[in-house]
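Read the figures in this text as sums done on the coordinates, not as results from a lab. As the structure is a prediction and not an experimental result, all values here were calculated from the model. Every residue, glycine among them, receives a Cβ derived from its backbone with ideal geometry; neighbour counts consider all protein chains shown.
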Amino acid sequence: MQKITSLPADDSMPGWFHTSAARTPCPAHIGQKKVRFAIVGAGLTGLAAARQLALNFPHDEVVLIEAQEVGYGSAGRNAGFAIDVPHDIGAKDYIGDVTIANKILKLNTLGQNYLRQIVQDHRIECQMTESGKYQASVGKQGTAILEAYRSGLAKIGRESEMISGQDLPDHIGTSYYKQALYIPGTILLQPSALVKGLADNLPANVTLYEYTPITSIDYGDKVTLVHDKGSITADTLILANNGFASHFGFLQRRLLPTFLYGSLSRQLTEDEQARLGGKAVWGVIPAHPFGSTIRRTVDNRILVRNSFSFQPDGRPREKYLKQYLENHRKSFERRFPMLPQVDFEYTWSGAICLSENHEGFFGKLAPNVYGALCCNGLGITRGTATGKLIADMIAGEKNELIDFLTQSPGPNLTPAEPFLSIGVNSVLKWGQYRAGMEV
């Protein structure tokens, strides 16, 4: 019996969750149950896997298990960018090998298209807009990154447009940035509203249990998931719980649960909207990966997302929220001096699962256990795509994207503690320092 050594415990003020429509959570599981398929983790990967398994096996029940409430965890805490284009920060042109980049583009596009269709079919209200993204720079180093990225995108046939600093206020209101690369194709959305809507529109043969944290697990001919009020036994298990997979006995010392921090403002008044100017909806990603992500939302709020911490147990620390709220305030004031009285209503942390070599895991973990894990910051598109594809692989389907994913070497082995935390936190601090005014 494998005892689960850490469970999710997210902080209480995720802005996307509280500003999206409330829903009635599904009941927790009680008693004993036997099913053919069980999935742990009702984020974007788990929701896609559950949907596709149910479609592939319409006569079998699929159980989807969530430790918290859908939309409250990391899937509802990201910045809301569903990105299509690859962005390999280890390559000089941020594209690298063109063959691999094209496969990643196909993978991300699959995730986008899958979500688009579900949102359209079920009329999910999640502020989905085809807005593209602005990759913006403050200084010369960032501008050089944008030029390199533009040349890399051209190699894979993706359009982009360089916008000068003097023209940027017409796009995003602020004159803070010196240059931006506009890349069409990115979808902006309200992430918590999206996952809530996906959960409420699952196929009839999916049973969702919320508030059902798994406390131990028995791997045998069948897998038995034990919780405080009962157990669920499944022929096949899919792990879609990212960094927590290591606490289920897999990929230990290979997953890096890293937290990013976000703040969401109150809604802008009509006068403030006029003072800001620019387009009604937009999203900015920093040229430097440790800079600030900024968004103007459909409901006229401003999101600021920056600052990192590494927590090996996958659980955030409240002490960072106050500290990083100050960072968000400074970042806001630099960019929006025309909005001096706009306060933040919500501040929260959100986990992303990283690996040292930027590779995820996809495939079989044990004879009856599969995983689609570690999206390296692309949870909306890659998580959705890998969730769908793991369900297709279990159903016996073969295609180039499944082959591409299964051929990955997977996440690298990292040093043991305490050297791991010392090393990762040093890299995070140095990266944020080097980002300078892009934070």
If I fit a long axis through the Cα atoms of helix 419-435 and take the longest principal axis of the Cα atoms of the chain, what angle between them do I get, 0 to 90°, rounded to 10?
30 degrees
The long-range amide H neighbours of Glu359, using H built 1.01 Å from N in the peptide plane and a cut-off of under 5 Å, are Asn412
Size of electric dipole in the range 66-205: Cβ of Lys, Arg +1 and of Asp, Glu -1, about Cα centre, debye, nearest 20
300 debye
Prolate/oblate/rounded call for the range 118-182, Cα gyration tensor, a/c under 1.5 rounded:
oblate
Would you work out the charge dipole size for the chain about its Cα centre, treating the Cβ of every Lys and Arg as +1 and the Cβ of every Asp and Glu as -1, and quote it to the nearest 20 debye?
580 debye
Solvent-free Debye scattering, log10 I(q)/I(0), computed from the Cα coordinates of the range 283-355 at q = 0.13 Å⁻¹
-0.43
Given a 10 angstrom Cα cut-off, can you work out which residue in Phe259, Phe308, Phe404 is the most mobile in a GNM of the chain?
Phe404
Among Ile187, Ile294, Ile89: highest mean-square fluctuation, GNM of the chain, C-alpha pairs under 10 Å:
Ile89
Calculate the dipole size of the range 262-317 relative to its Cα centre from +1 charges on Lys and Arg beta carbons and -1 charges on Asp and Glu beta carbons; express the result in debye to the nearest 20.
140 debye
What do you get for the angle between helix 319-335 and the principal long axis of the chain? Use alpha-carbon atoms, 0 to 90 degrees, nearest ten.
40 degrees
Which pairs break 28 Å Cα to Cα here: Lys196/Lys330; Lys103/Lys133; Lys3/Lys222?
Lys196/Lys330
Cα-based Rg/(2.2 N^0.38 Å) for the range 287-439, rounded to two decimals, is 1.28
Largest fluctuation, Ala136, Ala154, Ala101 only, Gaussian network model of the chain with Cα springs under 10 angstrom, belongs to Ala154
Rounded to whole angstrom, the alpha-carbon centroid of the range 313-328 lies from that of the range 203-218 at a distance of 29 Å
With a ≥ b ≥ c from the Cα gyration tensor eigenvalues, square-rooted, and the rule rounded for a/c under 1.5, otherwise prolate when a/b > b/c and oblate otherwise, the range 164-289 is prolate
The range 151-213: equivalent-ellipsoid semi-axes (sqrt of 5 x gyration tensor eigenvalues, Cα, Å)
40, 17, 10
Angle between the Cα long axis of helix 98-122 and the longest principal axis of the chain, 0 to 90 degrees, nearest 10?
80 degrees
Rounded to the nearest Å, the spacing of the alpha-carbon centers of the range 354-375 and the range 111-180 is 29 Å
Under 5 Å, built H, 5+ apart or other chain: amide partners of Met128:
Gln190
Partner lysines for Lys140 [C-alpha distance under 19 Å; skip if fewer than 8 residues away on the same chain]
Lys92, Lys178
Cut-off under 5 Å, modelled amide H: who pairs with Ile39 long-range
Val63, Leu64, Ile65, Ile238
Can you give the helix-only mean residue ellipticity at 222 nm for the chain, where every DSSP H stretch with n ≥ 4 adds -39500 (n - 2.57) and the sum goes over all residues, rounded to the nearest 500 deg cm²/dmol?
-9000 deg cm²/dmol
Got a sec? Charge dipole of the range 232-280, +1 on Cβ for Lys and Arg, -1 for Asp and Glu; which of Ala280, Leu268, Ile238 is way out at the positive end?
Ile238
In angstroms, what radius of gyration and Dmax does the chain have, counting Cα atoms only?
21.0, 65
